[in-house]
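Trainee: Mind having a look at this structure? Questions to follow.
FYI, it's all coordinate maths here, none of it is from the lab. These figures come from a predicted structure and were not determined experimentally. Here Cβ is always computed from backbone atoms with ideal geometry, including for glycine, and neighbour counts include all displayed protein chains.
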Amino acid sequence: MSSGPDAWVRFDGGTITETGTTPAPGDAVDLGDVTILPGLIDAHVHLAFDASDDPVGRLSQVDDDELLESMKAAARRALRAGITVVRDLGDRSYLAVRLKGVLPDGPEILAAGPPITVTRGHCWYLGGEADGVEGVRAAVRAHAERGVDVIKVMATGGELTAGTHGANPSYGLPELRAAVEEARAAGLPITGHAHGTEGIRRLAAAGFDMVEHCTFMTADGGAESDDDVIAALLDAGMVVSGTLGVVSEPGPRAAELYPQVVEVFRRLRAAGVPIVCSSDAGINANKPHDLLPYSAQMMVELNGFPELEVLRAITSLPADACRIGDRKGRIAPGYDADLLVVAGDPGADIRALREVVAVYQAGRPVG
């Protein structure tokens, strides 16, 4: 983050070449009293879901060509908010893979393809069903062959899929370990969707790199952390991707659950588990694809995380977790010239993230 009257960043093409806090070079563009940040990184989005009241129902009504166009619009919306990298953790027909590198007015896309799930498991309708150890191995290999950037496995049920429950585990430990082995063999990171405690425990035991959500959901729909499982996450060196955040008042169910989940995340943080701030954008009308600044605000205001820690949780930490930390998530020579310029100081007031003055993607201003 760069701020102050004399902070400046020079880039050549798409790469940062120099930074400074002395008087700016004579050819500098003066953007006024602003803060310059690395472009934001949302490590959990769904471009295929349209952020409506029924995103799953819509999928059954559109073909892949129409869906691809709406995914482009969702990606552009994210970029205009300063989100210069999105990691899509569940699409249909590998459409996010098709979008990689071909959307000049969108963010860089890291794609998982259809999430791997048991038959009729969470998000089965996206096309990633796989059962048993050999089925899971084959699915991971097929994903790698299609050019994904990360393997995503559904380790528990979820609220977007009838007949499943977030507290219930989906895969046994042998299947999860097989997924990890195949991902390692392909040189890919692997993350798992898990709400329930047992699903989280199995991901840690299997050696996953990350866990998405990590709400410690109970059978009655509440949330209660487990110290032994938190210790297992630490021992495994896992990163938690917290997907809290909405743009307006949450519904009754979420409002009841949030205080319990907030306590879970306070316990995770106190234990020293690394936490990435992400969004799960697209899954309902309260989670549009430019949600990440609101997720950051929630981490500060409800979870009590310091602003600077949250800023790292939407820049350098997800860059490292997504294995792009050698070129994204920081303002330094040699890094990609992905920049978000905002009015005010988000290090003092996180809401300043929404006061966008300019966005640069690979050195190009975003209109």
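Trainee: May I ask for the Rg/Rh ratio of region 125-210, computed from Cα atoms with Rh as the Kirkwood radius, given to two decimals?
Mentor: When Rh is taken as the Kirkwood radius, the ratio is 0.94.
Trainee: Going by alpha carbons, how many degrees (0 to 90, nearest 10) lie between the helix axis of 252-271 and the longest principal axis of the chain?
Mentor: Relative to the chain, helix 252-271 is tipped by roughly 80 degrees.
Trainee: Can you pull the one-decimal nm distance between simple spin-label points at Arg146 and Ala236, each 7 Å off the Cα toward Cβ?
Mentor: A separation of 2.4 nm, rounded to one decimal place.
Trainee: Hey, another quick one. Taking Cα pairs under 8 Å and at least six residues apart, what relative contact order does the chain come out at, in percent?
Mentor: The value is 21 percent.
Trainee: Here's a follow-up. What percent antiparallel are the DSSP beta bridges of region 168-282, to the nearest 5?
Mentor: That works out to approximately 10 percent antiparallel.
Trainee: Right, here's the next one. Under Stokes-Einstein, with the Kirkwood radius over Cα pairs standing in for Rh, what whole-number D in µm²/s applies to region 22-151 at 37 °C and 0.692 mPa s?
Mentor: 201
Trainee: Pull up the DSSP beta bridges for the chain and report the antiparallel fraction as a percent, rounded to 5.
Mentor: Once the DSSP bridges in the chain are tallied, antiparallel ones form about 45 percent.
Trainee: Using the Kirkwood radius built from alpha carbon pairs, what does the Stokes-Einstein equation give as D for the chain at 10 °C and 1.306 mPa s, in µm² per second?
Mentor: It diffuses with D of about 77 µm²/s by this estimate.
Trainee: Another one. Per DSSP H run of n ≥ 4, the term is -39500 (n - 2.57); total these for the chain, divide by its residue number, and report the mean residue ellipticity at 222 nm rounded to 500 deg cm²/dmol.
Mentor: Rounded to the nearest 500, the figure is -9500 deg cm²/dmol.
Trainee: Among Asp91, Asp226, Asp27, whose mean-square fluctuation peaks in a Gaussian network model of the chain (Cα, cutoff 10 Å)?
Mentor: Its mean-square fluctuation being the largest, the pick is Asp27.
Trainee: With everything on Cα atoms, drop me the angle between helix 132-145 and the longest principal axis of the chain, reported from 0 to 90° to the nearest 10.
Mentor: 30
Trainee: Need the list of aspartates and glutamates near Lys287 for cross-linking: C-alpha distance under 13 angstrom, and skip anything on the same chain fewer than eight residues off.
Mentor: Asp42, Asp50, Asp53, Asp54, Glu249
Trainee: Let me ask another. Largest first and in whole Å, give the semi-axes of region 209-332's equivalent ellipsoid, each being the square root of 5 times a Cα gyration tensor eigenvalue.
Mentor: Semi-axes (√(5λ), whole Å): 22, 19, 12.
Trainee: Moving on. Please compute the Cα-Cα pair-distance distribution of region 270-367 with 5 Å bins starting at 0, giving whole percents from short to long.
Mentor: Taking every Cα pair in region 270-367, the percentages come to 3, 12, 19, 25, 23, 13, 4, 1, 0.
Trainee: Another question about this same structure. Need one number: nm distance between label points at Thr15 and Thr119, each 7 Å from Cα along Cα→Cβ, rounded to one decimal.
Mentor: 5.2
Trainee: Under unit Cβ charges (Lys, Arg +1; Asp, Glu -1), what dipole magnitude, rounded to 20 debye, does the chain have relative to its Cα centre?
Mentor: 480
Trainee: Which angle between 0 and 90 degrees, to the nearest 10, do you get for helix 173-186 versus the longest principal axis of the chain when only C-alpha atoms count?
Mentor: 40
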